[in-house]
Amino acid sequence: MDSCRTMQRATPPSTFVALALLAVTACGSSGGTGSSPDAVRPRDGGSLTYAESQEPGCWDPHSSSEDSTAFVQRPVFDSLVHQTPDGALEPWLASSWRTGKGGRAYTFTLRRDVIFHDGSRMDAAAVKANFDHITAKTTRSQYAAGLLGPYEGTTVEGTYRVTVRFSRPFEPFLQAASTTYLGIASPASLKAGQAALCAGTGSVGSGPFKAGRYVRGQQRAYARNPRYAWPPQSANHSGPARLNSLTIRFLTDDTTRVGALTSDQVDAVAAIPPHQVGILTRNAQLKTVSKAIPGAVNAFYLNTRSSPFSDPRVRKAFQRAIDFSTLAKAIFQGANSRAWSLLSPSTPNGYAPAEAGRRPYDPRLAARLLDAAGWTGRDAEGYRTKDGDRLTVVAPVYGTASLFTQAVQGALKRAGIHLDVVESADAAEVSTRLSQGRYDVVQTSWARGDGDVLSQFLLSTADPAYGGRNFSALSDPLLDRWLKAAQTARSAKQRTLYYAKIQERVLDEAVAVPAYIPTGSVAHSTRVHGLRLSISAWPEFYEVWVEDR
Amino acid sequence: MAAAVRLVARRVAAAVLVLWGAASCAFFILQLVPGDPVNAIVGSDAMVGAEQRDAIRRQYGLDQPLFDQYVGYLRHVVHGELGDSYQLQQPVSAVLSHQLPPTAELTFWTALSAILGAVLVTILTSGRSQRPRRISTVVELVIISTPSFWLGIMLLTVFSFRLGWLPVSDSGDGRSLILPVVTLALPMAALLTQVMREGLLTAMEEPFVLSARARGLAEHTVRSRHALRHAALPALTLAGWFTGTLLGGAVVVENVFARPGIGRITLQAVRDRDLPVVQGVVLLSAVVFVVISAVVETLYVAVDPRLRRGTGVRAA
Amino acid sequence: MSAGTRGPGRRCSRPGPGGQGRSRPAVLLAAAFLTLVVLFALFPALFTSGDPADTDPVHAFAPPSAQHFFGTDQLGRDVLTRSVHGTRYSLAIGAAATAIAMVTATVWGLAAALLGRFADAVLMRVADVFLALPGLLLALMVILVMDKGALSTTAAVAAGTAPGLARVVRAQALVVRLSGYVESAIALGVRTPLTVLRHILPNALSPLLVLAPVSLGTSISAGAALSYLGLGLQPPTPEWGTMLTESQAYLQQGWWTALFPGLLLVATVLAVTAVGGHVGGHARGRVLS
């Protein structure tokens, strides 16, 4: 479910930014301190156990929109294109590509040596089968199909040449093709049906690891693919992965997960709560890497069709009533900083630096706006009222509200706005509420290495009832035009310009209120080497190796 | 002989009745749970199509009339099948048998330390001197009034976070068992002590104690060998009952200390509305109750020879 | 819901832990504390000026000081204010659950004792089934059926307590009925069932009244336990159990967020048991004489 995505990914303090940069630039050498353990020669063999906080509900990346699905299936599925941790696109399963028809067609030349885990060969027909599967109605794709935008079809040009066609120029496609959501599976495995694919038992790709035994609620095992010889260009070694086996354990409870690392039951953990970072840094046996997540930052999307937020003055009051800088500092203790724009600074082709510092916290302005909007009364609990009705805004939350959300709730209370957080453990219930528009505000974030992530939030056609995320219920012709122009523009500079204009308009209208820039963090034992974070700040396992215990 | 057979038959019948009742109770109460069970089955994968929902309904037999579902459920239960978990994609019996060992371990050490502790304190505080008894009574009362979840949190704060002596969560070795066992055993020991001491003090005034003393037995021998045996009877009732309710304790303690086990899986099942698992846990605890009752009844007879004739005392 | 929830039925067939032998000053102290707690519940504003929902993240985890006697929590909320405001939830749920359990148990037990052998057998076998299940499990099933909140928490706690109490009432009612006391009343011409009930009810109820305080104590702590498990009242309600759940992730930073609400809970349960035991002891003395 959307609202639970990256929101719950946590967040070490800023002291780690240096380390994170090191991890990004040094690509694979995990930048040790003191007597560098990197002097030790990489070793083949061994196993790694990684503890993850979220378990996917559906394991089919073509169908699921969960980012945990993309992460846990990355070792199994390769993509046509690879996006490096700093955002550049490079060949992977496709050795080269060129665009044609003015940006409406992408022709990929595929590698000839790639073999799926089931022994079949990766070729143009396999790529077509995958795109057909993603766009088939029966797949009910919640995200992958959306990534394909104005997709028209795929044509097999030769055994190893394939063309993907669009109805208009579609620039974000290459980055989309690098995500696990558009990962290439063995065509035979796709015939197993949605139930089997979702259950995570029938995943067959060409990745460095083969899917092993999966016990729901506990863990999934992975075994090294001994035939692997097609890593992306920027990888620091070639041939099969160094690890013999990999296990991803699902430990949702923060204390348990961190405890499993400190008691040496797992080698690495994700999603370290800010308040636990201190414990981990004091431990000489551990190291932490972190990286700002690109894409849509954690933000509040205000439903412009709901009664209080249809009034722009109330939306602007919401925008100015919360001191995000102070809140982020206090709650995340430096790990995540406040966001000024909708796209994270690490987003390729998307960041709008001009917005930084604009529209700051201004409680008096917020109060004036609410007064002007007629919310002048006060009830016993101090909330503003109009004609006896309390100024209440409903925020549905899948799971439980984060500490940050609770702090925002407190801040809004001071402004007289009642943020009514409706928690539910039932994903279907939350999703129904969203698709029926029964909410006033949705807090969410979305990781993606391209500014086009905005089109799923702001396009008038991205209706939540059909898997879109237009939670603000926008239908702004200008925004629609700019978003499409940004998809069509052929230069990165031009695209960045469009995204800057789009963000400025959205923030001026206060239909979305950016809160903070989420950071992905992984803590691991010092015996683990070569663990780098991908563009989306998930760990990559291909280059990882472990010292003997 | 015939009387004994009849007695056993009656006990077995009563046990079966309890089990059937528990199974039915679980089945029918859980029918009242609001919401579509298919939502619980698909979990966070909310966008499942109508055809797929129907397929799921058929797969779990949810499309059949209630009575048929009930009969089918009972038939499966008799064969030891508890159905499939909505969330975990495994048979409930596999889930439970996987989670049982850690809980059994916790329960075993808890029962053992509670009983040993209670016996020790009882002997130490039932002497002539009033002072230790008074102090002990107050301490017991405080412990009994302390909810186990808070006791657990406080022990964690002091011994794991402040002093760093013990692991914060399950570390896979015996050390992570210490705090959970203490948390569960303390209130149990306190209650047992109260009951046993009362029984012991009553027993000390009985004629057989007088005769034992007359035979020249040392005072502590009289207390620990003869009178304590007498005092064990009511304590046994309580201990049997406690072992049954330890499951309730396990839910709390496994949650506080983030340990795996039946208690944790139960809570998870309630949160996720994983009804087959809840039904399985209900049945499991009914079985444990029936078995413990039988054991306690047998122990009664072993402890008190006077009960070897007659029907015995109804256990717990 | 600790292991003690279902205790009363059995525990108190013998002298309760809060019973005799407690010195007067202790009981007086307990009574005074109980009065204070009741005042907390009724007029929290008398004791704290703040709002329990007021957050101040910049001053999160302030240790106990003259400004914040109990310190502040992870959102900078005043723990004392929240603890005082939390009293009413725990007391209300405990009292309501005890009352519901008592009434249910009385009806159930009397029906078993008075409606004849068949009804007795059926009702008692059903009670057997409920007794075979840990109280917490019954409570969890009630919560599954109802929506989370104060109402379902109360019902769940009552469901965990009632079966044990029902057995006590039924046993006592049987004793009274078989004592010949009612027979003689009938012989004297008292015929209507209502009158029979009037004679049996007070006698059957007396042990229940003795149990009431202990039951109240365990109900208060059971309600907090359910909230602690995330199945009772929900954050940000300042209830003792929810406060303890929230505190658990931050034991390293602020032990006081866990210490004080818990102490208040323990002290309340202790005081209820002590005062109740004392009063109950008197009541029993009167009934027996």
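The values are calculated or read from the model by the stated rules, or taken from the named source; none is laboratory data. Please read these numbers as outputs of a predicted model, since none were measured by experiment. Here the Cβ is made from the backbone with ideal geometry for all residues, glycine too, and neighbour counts use every protein chain on show.
Can you tell me which residues in the stretch A:407-418 are touching a helix residue (DSSP H, G or I) at 6+ places or on another chain (Cβ under 9 Å) and within 11 Å of chain C (Cβ to nearest Cβ)?
Of all residues in the stretch A:407-418, those touching a helix residue (DSSP H, G or I) at 6+ places or on another chain (Cβ under 9 Å) come to A:407-408, A:410-412, A:414-418.
The answer is A:ALA407, A:VAL408, A:GLY410, A:ALA411, A:LEU412, A:ARG414, A:HIS418.
Give me the residue from the stretch C:147-165 that is surrounded by fewer than 23 Cβ atoms within 10 Å (Cβ to Cβ) and modelled with pLDDT under 90 and, out of that set, farthest from the other protein chains (Cβ to nearest Cβ).
For the stretch C:147-165, the residue satisfying everything is C:GLY149.
Of everything in the stretch A:304-335, what is small (Gly, Ala, Ser), touching a Lys or Arg at 6+ places or on another chain (Cβ under 9 Å) and within 14 Å of chain C (Cβ to nearest Cβ)? Give them in sequence order.
Selection gives A:ALA321, A:SER325, A:ALA328.
Kindly provide the set of residues from the stretch A:142-153 that are buried (at least 22 other Cβ atoms within 10 Å of the Cβ) and either within 19 Å of A:ALA188 (Cα to Cα) or in contact with a Gly (Cβ under 7 Å, 6 or more places away or on another chain) (or both), ordered by number.
A:GLN142
Which numbered condition trips up C:LEU211, out of (1) in contact (Cβ under 8 Å) with a residue 60 or more places away in the chain; (2) within 14 Å of another protein chain (Cβ to nearest Cβ); (3) crowded, with 24+ Cβ neighbours inside 10 Å; (4) not basic (Lys, Arg)?
With (1) in contact (Cβ under 8 Å) with a residue 60 or more places away in the chain; (2) within 14 Å of another protein chain (Cβ to nearest Cβ); (3) crowded, with 24+ Cβ neighbours inside 10 Å; (4) not basic (Lys, Arg) applied to C:LEU211, the lone miss is (2).
Where residues in the stretch A:455-473 are in contact with a helix residue (DSSP H, G or I) (Cβ under 6 Å, 6 or more places away or on another chain) and hydrophobic (A, V, I, L, M, F, W, C), which of them is nearest to the other protein chains (Cβ to nearest Cβ)?
A:ALA465
Kindly indicate the residue of the stretch A:310-334 that is closer than 13 Å to A:ARG368 by Cα and among the hydrophobic types (A, V, I, L, M, F, W, C) and also surrounded by the fewest Cβ atoms within 10 Å (Cβ to Cβ) among those meeting that condition.
A:ALA321
Just one of B:LEU88, B:LEU116 is without any contact (Cβ under 8 Å) to a residue 12 or more places away in the chain and either of a type in the set (A, V, I, L, M) or touching a Cys at 6+ places or on another chain (Cβ under 8 Å) (or both); which is it? Steps first, please.
Numbers: B:LEU88 fails: without any contact (Cβ under 8 Å) to a residue 12 or more places away in the chain.
Of the residues listed, the single one that is without any contact (Cβ under 8 Å) to a residue 12 or more places away in the chain and either of a type in the set (A, V, I, L, M) or touching a Cys at 6+ places or on another chain (Cβ under 8 Å) (or both) is B:LEU116.
When the residues of the stretch C:260-284 are narrowed to those that are without any contact (Cβ under 8 Å) to a residue 12 or more places away in the chain and touching a helix residue (DSSP H, G or I) at 6+ places or on another chain (Cβ under 9 Å), which ends up nearest to B:VAL168 (Cα to Cα)? Give the derivation first.
Let us first name the residues in the stretch C:260-284 that are without any contact (Cβ under 8 Å) to a residue 12 or more places away in the chain, namely C:263, C:266, C:282.
The next check asks that each one be touching a helix residue (DSSP H, G or I) at 6+ places or on another chain (Cβ under 9 Å); those that pass are C:263, C:266.
Details: C:LEU263: 22, C:VAL266: 24 Å.
If we take residues in the stretch C:260-284 being without any contact (Cβ under 8 Å) to a residue 12 or more places away in the chain and touching a helix residue (DSSP H, G or I) at 6+ places or on another chain (Cβ under 9 Å), then C:LEU263 is nearest to B:VAL168 (Cα to Cα).
Could you check B:ALA55 against (1) of a type in the set (A, V, I, L, M, F, W, C); (2) within 12 Å of another protein chain (Cβ to nearest Cβ); (3) in a loop (DSSP other than H, G, I, E, B) and say which number it fails?
The single condition B:ALA55 does not satisfy is (3).
Would you please name the residue that is farthest from the other protein chains (Cβ to nearest Cβ), looking only at residues in the stretch B:77-110 that are over 30 Å from B:ALA189 (Cα atoms) and of a type in the set (S, T, N, Q)? It would help to see each step written out before you state the result.
Going residue by residue through the stretch B:77-110, those that are over 30 Å from B:ALA189 (Cα atoms) are B:77-95.
Then drop every residue that is not of a type in the set (S, T, N, Q), which leaves B:85, B:87, B:89-90, B:93.
Details: B:SER85: 8, B:GLN87: 7, B:GLN89: 5, B:GLN90: 7, B:SER93: 15 Å.
Taking the candidates together, the pick is B:SER93.
Anything in the stretch C:232-245 that is modelled with pLDDT under 90 and either touching a His at 6+ places or on another chain (Cβ under 7 Å) or within 10 Å of another protein chain (Cβ to nearest Cβ) (or both)? List them, or say none.
Matches in the stretch C:232-245: C:GLN234, C:PRO235, C:PRO236.
Looking at the stretch A:88-110, can you tell me whether even one residue there is within 14 Å of another protein chain (Cβ to nearest Cβ) and closer than 23 Å to A:LYS291 by Cα?
No, every residue in the stretch A:88-110 fails to be within 14 Å of another protein chain (Cβ to nearest Cβ) and closer than 23 Å to A:LYS291 by Cα.
Taking C:PHE70 as the residue in question, decide whether it is more than 19 Å from A:ASP323 (Cβ to Cβ) and in a loop (DSSP other than H, G, I, E, B).
Working: more than 19 Å from A:ASP323 (Cβ to Cβ): yes; in a loop (DSSP other than H, G, I, E, B): yes.
Yes.
Looking for whichever is among the hydrophobic types (A, V, I, L, M, F, W, C) and in a helix (DSSP H, G or I) here; the options are A:ALA229, A:ALA235, A:ALA328. Which one fits?
Sole residue among the options that is among the hydrophobic types (A, V, I, L, M, F, W, C) and in a helix (DSSP H, G or I): A:ALA328.
For A:HIS62, work out the one condition from (1) within 14 Å of chain B (Cβ to nearest Cβ); (2) in a helix (DSSP H, G or I) it doesn't fulfil.
(2)
Quick grid of which residues meet (1) farther than 30 Å from A:GLY399 by Cβ; (2) out of contact with any Cys (no Cβ under 6 Å at 6 or more places or on another chain); (3) of a type in the set (S, T, N, Q); (4) assigned to a helix (DSSP H, G or I):
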site: C:LYS148; (1), (2), (3), (4): no, yes, no, no
site: C:THR161; (1), (2), (3), (4): yes, yes, yes, yes
site: C:ALA173; (1), (2), (3), (4): yes, yes, no, yes
site: C:PRO207; (1), (2), (3), (4): yes, yes, no, yes
site: C:ALA225; (1), (2), (3), (4): no, yes, no, yes
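Please go through the stretch A:238-264 and pick out each residue that is charged (D, E, K, R), within 14 Å of another protein chain (Cβ to nearest Cβ) and assigned to a loop (DSSP other than H, G, I, E, B). Reasoning before the result, please.
Quick first cut of the stretch A:238-264, residues charged (D, E, K, R) only: A:242, A:249, A:253-254, A:257, A:264.
Applying the additional criterion that residues be within 14 Å of another protein chain (Cβ to nearest Cβ) yields A:249, A:253-254, A:257, A:264.
Passing the criteria: A:ASP253, A:ASP264.
Tell me, yes or no, whether the stretch A:435-451 has at least one residue that is part of a helix (DSSP H, G or I), of a type in the set (Gly, Ala, Ser) and free of Cβ contacts under 8 Å to residues at least 24 places away in the same chain. Steps first, please.
Within the stretch A:435-451, the first condition is being part of a helix (DSSP H, G or I), and the residues that meet it are A:435, A:451.
After this cut, where a residue has to be of a type in the set (Gly, Ala, Ser) as well, the list is A:435, A:451.
Then drop every residue that is not free of Cβ contacts under 8 Å to residues at least 24 places away in the same chain, which leaves none.
Scanning the stretch A:435-451, I find no residue that is part of a helix (DSSP H, G or I), of a type in the set (Gly, Ala, Ser) and free of Cβ contacts under 8 Å to residues at least 24 places away in the same chain, so the answer is no.
Looking for something among the hydrophobic types (A, V, I, L, M, F, W, C), assigned to a helix (DSSP H, G or I) and either free of Cβ contacts under 8 Å to residues at least 12 places away in the same chain or under 28 Å from A:ALA427 (Cβ atoms) (or both) - is there at least one such residue anywhere in the stretch A:462-474?
We begin by selecting, within the stretch A:462-474, every residue among the hydrophobic types (A, V, I, L, M, F, W, C); these are A:462, A:465, A:471, A:473-474.
Then keep just the ones that are assigned to a helix (DSSP H, G or I); that gives A:465.
Subset that is either free of Cβ contacts under 8 Å to residues at least 12 places away in the same chain or under 28 Å from A:ALA427 (Cβ atoms) (or both): A:465.
Checked the stretch A:462-474: at least one residue is among the hydrophobic types (A, V, I, L, M, F, W, C), assigned to a helix (DSSP H, G or I) and either free of Cβ contacts under 8 Å to residues at least 12 places away in the same chain or under 28 Å from A:ALA427 (Cβ atoms) (or both).
Among the numbered criteria (1) in contact with a helix residue (DSSP H, G or I) (Cβ under 8 Å, 6 or more places away or on another chain); (2) modelled with pLDDT under 95, which single criterion is violated by A:LEU507?
With (1) in contact with a helix residue (DSSP H, G or I) (Cβ under 8 Å, 6 or more places away or on another chain); (2) modelled with pLDDT under 95 applied to A:LEU507, the lone miss is (2).
How about the stretch A:379-393: which of its residues are assigned to a loop (DSSP other than H, G, I, E, B) and away from chain C (no Cβ under 14 Å)? Spell out the reasoning first.
Step one: filter the stretch A:379-393 for residues assigned to a loop (DSSP other than H, G, I, E, B), giving A:379-383, A:387-388, A:391.
Across the stretch A:379-393, the qualifying residues are A:ASP387, A:GLY388, A:LEU391.
Condition (residue is in contact with a Lys or Arg (Cβ under 7 Å, 6 or more places away or on another chain) and more than 9 Å from chain C (Cβ to nearest Cβ)) applied to the stretch A:426-439: is it met by at least one residue? Steps first, please.
Quick first cut of the stretch A:426-439, residues in contact with a Lys or Arg (Cβ under 7 Å, 6 or more places away or on another chain) only: A:437, A:439.
Narrowing the set further to residues that are more than 9 Å from chain C (Cβ to nearest Cβ) leaves A:437, A:439.
Yes, because at least one residue in the stretch A:426-439 is in contact with a Lys or Arg (Cβ under 7 Å, 6 or more places away or on another chain) and more than 9 Å from chain C (Cβ to nearest Cβ).
Scan the stretch B:140-153 for residues that are facing another protein chain (nearest Cβ under 7 Å) and surrounded by fewer than 23 Cβ atoms within 10 Å (Cβ to Cβ) and report the count.
2
Can you name the residue in the stretch A:336-378 that is touching a helix residue (DSSP H, G or I) at 6+ places or on another chain (Cβ under 7 Å) and within 14 Å of chain C (Cβ to nearest Cβ) and is also nearest to A:ILE293 (Cα to Cα) among such residues?
Start the filter on the stretch A:336-378 by keeping residues that are touching a helix residue (DSSP H, G or I) at 6+ places or on another chain (Cβ under 7 Å), which leaves A:336-338, A:340-343, A:347, A:349-350, A:352, A:354-355, A:359, A:361-363, A:365-366, A:369-370, A:372-373.
From the residues that got through so far, the ones that are within 14 Å of chain C (Cβ to nearest Cβ) too are A:336, A:338, A:361.
Numbers: A:ASN336: 10, A:ARG338: 13, A:TYR361: 24 Å.
By that ranking, first place goes to A:ASN336.
Against the conditions (1) more than 8 Å from chain B (Cβ to nearest Cβ); (2) in contact (Cβ under 8 Å) with a residue 40 or more places away in the chain, where does C:ILE143 fall short? Just the number, please.
Going through (1) more than 8 Å from chain B (Cβ to nearest Cβ); (2) in contact (Cβ under 8 Å) with a residue 40 or more places away in the chain one by one, C:ILE143 breaks only (1).
With B:LEU200, B:LEU177 as the choices, which residue is within 14 Å of chain A (Cβ to nearest Cβ), of a type in the set (A, V, I, L, M, F, W, C) and in a helix (DSSP H, G or I)?
Details: B:LEU200 fails: within 14 Å of chain A (Cβ to nearest Cβ).
The match here is B:LEU177.
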